[in-house]
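The values are calculated or read from the model by the stated rules, or taken from the named source; none is laboratory data. Computed from a prediction, not measured in an experiment: that's the story for all the values here. Methodologically, a virtual Cβ is constructed for each residue, glycine included, from the backbone with ideal geometry; neighbour enumeration extends over all protein chains shown. Heavy atoms of the whole protein, side chains included, go into the accessibility calculation; ligands, DNA and RNA do not. Shrake-Rupley method; radii C 1.70, N 1.55, O 1.52, S 1.80 Å.
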Amino acid sequence: MSLNLVNLKKVFKSDGVENTAVENFNLDIKEGQLVTFLGPSGCGKTTTLRMVSGFEVPSSGKILLDGKDITNDPPNKRDISMMFQSYALFPHMNVRENIEFGLKLKKMSKKEIKVKADKIIELTGLSGMEKRNPDQISGGQQQRVALARSLVMEPKVLLFDEPLSNLDAKLRENMRLEIRRIQKELNITSIYVTHDQVEAMSISDLIVIMDKGKIMQVGNPYEIYVRPQNKFVADFIGNVNFISGKVTEINENGIKVFNAETKKEFTGYSNQNIKTGDEVYMVIRPEGIYTEKEGRENSLTGKIEKYVFLGSNIELDLRLETGKIIHINEYNMVEKELPVTGKELEVFFGKKNNWIIKK
Amino acid sequence: MAISEEYRNKLKKLIKNPIIMLLIIAIFLLIALFIIFPLIKVLQISFTNDGKFSLDVYKEVFGNSYMRQGFFNSLLIAGLTALIGTFLGFIFAYTLNRTDIPFKKIFKTIAVIPMVFPPFIGALAIIMLFGFNGLITAKIFGVRNFPVYGLWGLMIAQIVSFFPVAFITLDGVISTISPTLEDAAFNLKANRKQVFFKIILPLSVPGIASTMLVLFIESLADFGNPLILAGSRFPVLSVQAYLQITGMFDLKSGAALAVWLLLPSLIAFIVQKYWVGKKKYITVTGKPNTSTLKSVGPVMKWVLFAVITVISLFILLIYLTIFWGAFTKVWGMNNQITFENFKYVFDVGAESIKDTLLIALTSTPISALLGMVIAFLIVRKTFPLKRTMEFTSLLNFAVPGTVIGIGYILAFNSKPLMLTGTFIILVINFVFRYVPVGIQSGVALLGQIDPAIEEAAYTLGADDKTVFSKITLPLITPAFFSALVYSFVRSMTAISAAIFLVSANWNLMTVQILSQSDSGRLSEACAFSVILIIIIFAFMGILKLFLKNKISLVNSNQR
């Protein structure tokens, strides 16, 4: 049950002004994968999801489900279920009626409907709630009903449109683990739209980072975080320091980059096709910068601008002589002393925390 | 290229789901046939002479000073009714929303009473109270020549008839102005007067303007009140057009007068919908606030209380007079209590009672359902000419009944649509005249319902028909029933268009009431009215009983 999105494009027109919401969108999703669309609001992730669900008609491109073109099928003729941000429970039906709604439309026998609904109610932990109306249960339970209602259809593809954004932080964490558990258990191919990077990192097989209607990078959470392919992705996921420079030398030890402001040379690595003389960014994560040298190739010197003590870690800003601020995240504060603001400090990072991307 | 591919995709999708497409086409056809076509007929006949374009009819009509007078009178009375009605409605609504006076519920009920009565009952009662044999003028003060026929009598009758419209609109406006705004203004050291004139009044301006325009349209279109009260001394367009056609059999002049009646109404409607409607301030944010009741001083509070008490007592007086009149032998002459009037009504009018009820019960559910379907299409679907559908389906808000009536007799008196004099023409007329209210309440309610609920049903495999009947319709039940009640009441009390369409076979109670009062049988007219009112209340009562659980269920689940 694979899903292929081929060259999808969507242009919205309002008052004669054209606005490209999605373009050049190509993606192949394999059976059982959970793919997240992640990006800032307005990046086109929801529009893409709505094209897959059939609520938006693509301006061009194709959607293939198991190789069959479903681009022009209406939503109710697609084997695709969707879970909505607002849950979209039917307020005039109780929990069981909500869950059984789609099964009844399939004209299944009453017995079959009951068996399937009972199983899913059990799986989503809704036993005992069947007779209640949506306004008589909590937000988390409404969430489960919405999930159960989609799952019970046994769709080929399940779509999630920011399903957890209305829940509080604690509940969100539990629910996303549960969604992942059930998704894996039933092996349902899924697309999950979110703007929350932690959510995306924690549940995805594959993350699609989008910006301004275009795919910026596709990869698993590790690749996205450790090997971002452009400045947008590096900046969007996690915290990051960028130092620009020019490639001076490439050898088996890595890529040497010279930064003109600090007049220093740094060593890093990359999987991009980088040549000597290229203008590049060095992507340096704050948690990979240390106050101890311990064989790390690169160093920076500056004054401690400010710090925030957060218990398990400390967030420290270092102002270089050039005026640039470098963010540092130090862990294990129990064994260390607090820094002193204004004091000079030398910090170190290895070439493994110096990911180089083209400008 | 890309756009054309998208367009092709959309067409393909429509063809795969043809119900909606067929429905849209059917509704456009119905609108064209029963709303637009009659209007075109009116325009056509008024602008032709011997089959050619000509302004002769207009020259003739405007050469006649009596008819010119009618045009100015209509505008004058509509303007006055709009101004004074809005002013009184504002005081009423403001007092109920911003003071802690007692008996608020009773006041509120009284303010909407005129809505369930035929619109010309006010005129009847005013003659009974202030006319030649009037209870107040003749019996109490001994005045026999009080100028009740003409501008002032008519204006009072119209203000009473349309008071609920003003009150309900302004009540909606004032109740949504958050009291925290007043608190904020007080906190910034404004005094009471400043808070009223600088905060509440400016925020109400769009609502006030909109109320005035609606009253203006209603007053222009009013037919029953001027027919009873204005007489020949104070000609107005709606009555003149009617008399031209039924008295002089001059369809052309009648149509020309109708066009002149239509123009100011349409202008007011367009201004209201596209200009004032867009200027509304939205001050509702999140949860409603409780009123702090500080912007009205203690003295002012009781002054306002006195004013709205007077208004309420006057409204009560008007409608109690009708009940009293129904049980008196000859109003003003012989005030003996009697039931004879009712016997008379059943002898003379049993047929018309049956007809009225049958027509109203047929047209009402069709109208309400059609309203919901159109609202659904307008809010939830995209299709070409959507705005056109919205505008034309709401057009009958603005088109005076007289114009519609004339249009219908012009449009449907020849084959293949030979409908004049039939049951069907009355039903169709009522369906399309009262569908705008259903559309509006449907649109308003649907706007508050998350479209994702319907989308969820689609992803679960429901087609358009299932989504509408299983999801949309249950969710907009309140709008459906308010449309049902409204169009039933209006169908029962309709007069201005219907009077052109009744026949020997199909007659209406309102027409009977009018002809009874025309021939001076006021008590009989009252008895007729009382029966009419009893039917309306019975309908609402049955609906309420029957739907008690259902309605409360839907309301409690609304998010």
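Comparing A:MET210, A:MET333, A:MET282 in a Gaussian network model of chain A (Cα springs below 10 Å), the most mobile by mean-square fluctuation is A:MET333.
Mind telling me which of A:HIS327, A:HIS195, A:HIS92 comes out most flexible in a GNM of chain A, alpha-carbon contacts under 10 Å? Among A:HIS327, A:HIS195, A:HIS92, the largest mean-square fluctuation in the Gaussian network model of chain A belongs to A:HIS92.
Applying 1/(1 + (r/R0)^6) with R0 = 45 Å to the Cβ-Cβ distance of A:LEU338 and A:LYS246, what FRET efficiency is obtained, to the nearest 0.05?
Values: r = 38 Å, r/R0 = 0.84.
Between A:LEU338 and A:LYS246 the formula returns 0.75.
Across the protein chains, with a 1.4 Å probe defining accessible surface, the residues B:SER253, A:SER312, B:SER503 rank A:SER312, B:SER503, B:SER253 from largest area downward. Can you check what the net charge comes to around A:ILE274, using other residues whose Cβ is under 12 Å from the Cβ of A:ILE274 (Lys, Arg +1; Asp, Glu -1)? Result for the neighbourhood of A:ILE274: +2.
For the stretch A:239-358, the equivalent ellipsoid derived from the Cα gyration tensor has semi-axes of 27, 15, 12 Å, listed largest first. Could I have the simple spin-label model distance between B:LYS415 and A:TYR222, label points 7 Å from Cα toward Cβ, reported in nm to one decimal? Taking the two extended label points, one gets 8.6 nm. Subtracting the Cα-Cα distance of B:ILE267 and B:PHE314 from their residue separation scaled by 0.36 nm leaves 13.7 nm. Rounded, prolate or oblate for the stretch B:58-326? Axes are the square roots of the Cα gyration tensor eigenvalues, ordered a ≥ b ≥ c, and the cut-off for rounded is a/c under 1.5. In terms of gyration-tensor shape, oblate. Going 7 Å from the Cα of B:SER175 along its beta-carbon direction, which residues of the stretch B:293-323 have the amide nitrogen within less than 17 Å of the resulting point? Flagged as within label range: B:293.
The portion of the accessible surface of the stretch B:1-158 made up by carbon and sulfur, rounded to a whole percent, is 73 (1.4 Å probe; DNA, RNA and ligands excluded). Taking other residues whose beta carbon is less than 10 angstrom from the beta carbon of A:PHE348, and scoring Lys, Arg as +1 and Asp, Glu as -1, yields -2.
How big a patch of accessible area, both sides summed and in Å² to the nearest 100, lies buried between A and B at a 1.4 Å probe? In total, chains A and B hide about 3100 Å² from solvent. Normalising the average separation of contacting C-alpha pairs (under 8 angstrom, six or more residues apart) by the number of residues puts the relative contact order of the stretch A:3-227 at 30 percent. Structure remark: mean-square fluctuation, Gaussian network model of chain A, C-alpha springs under 10 Å; the largest value among A:SER150, A:SER190, A:SER165 belongs to A:SER165. Computed across the stretch A:3-227, the Kirkwood hydrodynamic radius from all distinct Cα-Cα pairs reaches 18.1 Å.
Distance from the alpha carbon centroid of the stretch A:278-302 to that of the stretch B:364-400 works out to 66 angstrom.
Kirkwood-type hydrodynamic radius, the stretch A:172-313: 18.0 Å, calculated from all non-identical alpha-carbon pairs. Beyond 53 Å, the tail of the calculated P(r) for the protein assembly as shown holds 36 percent of the Cα pairs. First compute the accessible area of the stretch A:3-227 with a 1.4 Å probe, then give the percent of it belonging to carbon and sulfur atoms. Roughly 47 percent, rounded to a whole number. Electrostatic tally near A:GLY288: other residues with Cβ closer than 11 Å to its Cβ, Lys and Arg +1, Asp and Glu -1, net +2.
Near the amide H of A:GLY213, within less than 5 Å, lie the amide hydrogens of A:GLY44, all on another chain or at least 5 residues away, with H placed in the peptide plane. Listed by number, the DSSP H helices of chain B that run 18 Å or longer by alpha-carbon position along their axis and have mean Kyte hydropathy of at least -0.5 are B:18-31, B:65-98, B:151-175, B:201-221, B:251-271, B:298-326, B:340-380, B:423-448, B:477-493, B:522-557. Could you work out the relative contact order of the stretch B:1-120, using alpha carbon pairs under 8 angstrom and six or more residues apart, expressed as a whole percent? The normalised contact order for the stretch B:1-120 reaches 7 percent.
The solvent-accessible area of A:ARG181, taken with every protein chain present and a 1.4 Å probe, is close to 110 Å². Sorted largest first, the principal axis extents computed over the alpha-carbon atoms of the stretch B:1-150 equal 82, 58, 24 Å.
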